[in-house]
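Below you'll find the structure, written out as structure tokens, and then a few comments.
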Amino acid sequence: MNAYRNTDQTAVRPAAGARCNRRISRAVLAGAAVAGLGLAGTAVAQAAPASATSAKATPTCSASALKATFGQKLAGGMNHQGVVINLRNLGRTCALRGYPGLGLENSAHKTLASHTHWGDTWYAASPAKKTLILKDGESAEAVISWSHANTGTSGAVHASYLQVTPPAATQHKTLAFPQWVDNGDLKVTALARHIDVNE
């Protein structure tokens, strides 16, 4: 019996040990799998805010999303003239930052030679560039100025329309602009919610 028992116990012990080892191996594998899932979950969790941030990023206002109008007209000495330009958002929230592009057209909408200078104008100091978030119906403005000595002066450009291109846009808005502009030179400030002008 002792021999049987000894043989039986000897036979049983390795089997029990093997089962124990298998249990430990399974536990280790399960733990590794859980750990792997945990790491994957962490990676997903860390990636989620970036995706959420991208989804929440405010798009830049396109020309088609804005309505351009003239605001206050400005006049002064030394043959200077100017006007406030308003860009109003017509739909979903979008962003504007920087300076609008300007151009001149004749009565046939042919582009005329012109030069746009970004910064201070005769009527207003340019505000610092700032990202403006415009909700539906909200506006931003810029101040433009030019000089006009006399109609027909050498180098003066006789315009009929003004092109206004929002920052980072590829298309422009067109406004009636029957003006003489010396050398086609236009000055414009950066866009802001409101700009104080000196008349």
Exercise for review: Step through the table entries Lys67/Lys187; Lys110/Lys135; Lys73/Lys110; Lys110/Lys130; Lys73/Lys135, compare each Cα-Cα distance with 23 Å, and write down the pairs that go over it.
Suggested key: Lys110/Lys135; Lys73/Lys110; Lys110/Lys130; Lys73/Lys135
Review point. Accessible area per residue, 1.4 Å probe, Å², for the stretch 62-199: what's the number?
Key: 51
Review point. Roughly to the nearest percent, how much of the accessible area of the stretch 96-199 is carbon and sulfur, given a 1.4 Å probe?
Key: 47
Review point. With each label point set 7 Å from Cα along the Cα-Cβ vector, what nm distance links Lys110 and Ser62?
Key: 3.1
Practice item. Starting from the Cα gyration tensor of the stretch 141-199, multiply each eigenvalue by 5, take the square root, and state the resulting semi-axes largest first in whole Å. Key: 23, 16, 9
Practice item. Please give the net charge around Ala192, taking every other residue with its beta carbon less than 11 angstrom from that of Ala192, where Lys and Arg add +1 and Asp and Glu add -1. Key: +2
**Study point:** In Å², nearest 10: area of Lys135 left accessible to a 1.4 Å probe
**Key:** 120
**Study point:** Packing rank of 157-168, 84-95, 108-119, where each peptide gets the mean count of other beta carbons within 10 Å, highest leading
**Key:** 157-168, 84-95, 108-119
Study note, to complete from the structure: The simple spin-label model distance between Arg92 and Asp182, using points 7 Å out along Cα→Cβ, in nm, is 4.7
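The values are calculated or read from the model by the stated rules, or taken from the named source; none is laboratory data. Since the structure is predicted, the reported quantities are computational estimates derived from the model, not experimental observations. For neighbour counting, all protein chains shown are included, and Cβ atoms are generated from backbone atoms with ideal geometry for every residue, glycine included. These accessible areas exclude ligands, DNA and RNA; they are computed on the full protein's heavy atoms, side chains included. Shrake-Rupley method; radii C 1.70, N 1.55, O 1.52, S 1.80 Å.
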